[in-house]
Structure formats: structure tokens, C-alpha cells
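Some notes on the structure that comes next.
Where a number appears in this text, it was derived from the coordinates with a stated rule and is not lab data. Note that this is a predicted model, so its numbers are computed, not measured. Methodologically, a virtual Cβ is constructed for each residue, glycine included, from the backbone with ideal geometry; neighbour enumeration extends over all protein chains shown.
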Amino acid sequence: MRRISINRYRCAYCGACVAVCKFDANELVETFLTIHEDKCTLCMACVKTCPMQALEVEE
């Protein structure tokens, strides 16, 4: 099952992925990023936008 995974060591918690997500699948609360798999369509917008390259598609 494909999904977006987060490398928490790379994530700067900048919120860029949250801002670009049209499906409200990404949620940032203080320094904790969550990707809600039930809302994520794997459109890759957050992966392409992340300045730290902390998001990737996991097979």
C-alpha cells in the first residue's frame, strides 16, 4: 500500500506541506506533523513542496 511517509529528522515543521494540501490531509500541531491517510490522495503536492525533502512515497 502506497502512502506518504515523514522523515522526522529532516522535517523543519515549517507548514509548507499543510499549506499546499487541497484535501486537508496534513496537520501540523506545534512540532508534530500528521498525514491522515484517509484523506490523502497521493497527489504528491506536499512531497514536491517540502523544502527539507522530509516527505516521500513509501511503497
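Label sites at ALA12 and VAL57, each approximated as a point 7 angstrom past Cα along Cα to Cβ, lie 2.5 nm apart.
Unpaired Cys in the chain, meaning no second Cys C-beta under 4.7 Å: CYS11, CYS14, CYS21, CYS40, CYS43, CYS50. What you get for the stretch 3-54, charging only the Cβ of Lys and Arg (+1) and of Asp and Glu (-1), is a dipole of about 240 debye around the Cα centre.
Amide H contacts for ILE4 (H built 1.01 Å from N in the peptide plane; partners 5 or more residues away or on another chain; cut-off under 5 Å): GLU58.
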